[in-house]
1. Determine, for each peptide in 205-217, 154-166, 28-40, the mean count of other beta carbons within 10 angstrom over its residues, then list the peptides with the highest first.
2. List the lysines whose Cα lies under 19 Å from the Cα of residue 315, skipping any in the same chain that are fewer than 8 positions away.
3. Please identify, among 167, 308, 190, the residue showing maximal mean-square fluctuation in a Gaussian network model of the chain using a 10 angstrom Cα cutoff.
4. How large is Rg/Rh for the chain, to two decimals, with Cα atoms and a Kirkwood Rh?
5. Can you tell me, using C-alpha contacts under 8 Å and at least 6 residues apart, the relative contact order of region 252-382 as a whole percent?
6. Between residue 36 and residue 190, with labels modelled 7 Å along Cα→Cβ, what's the label distance in nm to one decimal, could you check?
7. Give me 122, 336 sorted ascending by neighbouring Cβ count inside 10 Å, so fewest comes first.
8. Taking 0.36 nm per residue of separation and subtracting the Cα-Cα distance, what length does fully extending residue 44 through residue 314 add?
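Since every read-out is calculated from the coordinates, none of them should be taken as a lab result. The structure displayed is predicted, hence computed values, not measured ones. Counting neighbours? That spans all protein chains shown, and the Cβs are built from the backbone with ideal geometry, glycine included.
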Amino acid sequence: MNMLASRYPAVSDASAAERRPVAEPAFLEVDRATVRYGNVHVLENLSLSVMKGEFVALLGSSGCGKTTLLRTIAGFMQPVSGRVAVGGRDVTRQPPDKRGMALVFQTYALWPHMTVAQNIGYGLKLRRRPRAEIAAKVADMQSLLGLEGLGDRKPTALSGGQRQRVALGRALAISPDILLLDEPLSNLDARIRLTVRHEISALQKRLGITAIHVTHDREEAMVMADRIVILNAGRIAQVGTPQDVYNRPASSFVAAFMGAENVMPLTAAVNGGKIGIEAGPANSACEISLAGRSVSSGLLQARFRSEAAELLDRKASHALPGEALVLDGTIIQASYPGGVWRHVVAIGDHTIVVDSSRAFASGEKVSVRVPAEALFLFDAIECNADGEEAA
């Protein structure tokens, strides 16, 4: 039997959420952790639960606290308050090598003077495992990760994707309870990154291992994770499945981070199950269903994605059926990034970006139609000019 099979039994391709019982307790728990550098609070009273076998992505821009959270879980940073537990065991004050975790670094951190086989087996050697056991586990890892025949090579003789696999093999060789990934794909070129991220995701599901992955790449988190944790200024802005955070963002900040970067101010009145949007300098009056949106009467902030809006001739848009916000504007610029034409459109004092299958000329008068289901609405009083939640 493959040595990996005894430690990581094979599982189906179903998501972790589908595999686990509903009542199963959290395997990894961060409970009200506060972490600071000097007098600066990087994480503020943060709590997070991760189930066994789950793949969770920590997503956010630079400085949001995602790497600090990963390092706190790993034991390289100590919270000033709060706790970290694994399998019900408090590991808050335990060193990294006693937590049952393995970390794959952004730079891979391979020993340049060691061969592929020696790098993969390094953690087992530190644990004084027998040579035969190390050799067998290294062989298993090379087979699992497609590194057969490369055992005698040094890292400098490998491609970026191969070096990433060696780093992953070294982490998995010690049979960790939790695999921590600190932006391990950021040093790969775009073409290889697409392949490797699917390989990591498939490997995690095959082994059933619990994984925490730090990334600033929205698409990477969407295709790899069972759940996404979006961080903003040391706090969790939203936790949910990729579908949840993409289709039902909890705040204007989350909507913008998940691609709804177009923003427009509106005035509306909420009455029963309807939102009546008043006519403005650049928009027509309309009525859309409340449909679970949590907004109040008054000033609203509307957000939508460039690909979700329709760019139409000025007269055509007002005659189309269905609930939608219609904005009147003027084309400023058109470019072709591939697949669609991308337009910068002036809407009153604001500019937005809208994709279309055909090009509109600069200066052309157009209407932008945003279907109700693609429109994210938030109370403007809760947002600042950047779309972040107000203090």
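1. The packing order, highest mean first, is 205-217, 154-166, 28-40.
2. Within the straight-line cut-off, residue 315 pairs with 365.
3. Result for the chain, Cα springs under 10 Å: 190 fluctuates most.
4. When Rh is taken as the Kirkwood radius, the ratio is 1.05.
5. 29 percent
6. It is 4.3 nm.
7. On the way: 122 18, 336 9.
By the 10 Å Cβ count, ascending, the order reads 336, 122.
8. Full-extension gain reported as 92.3 nm.
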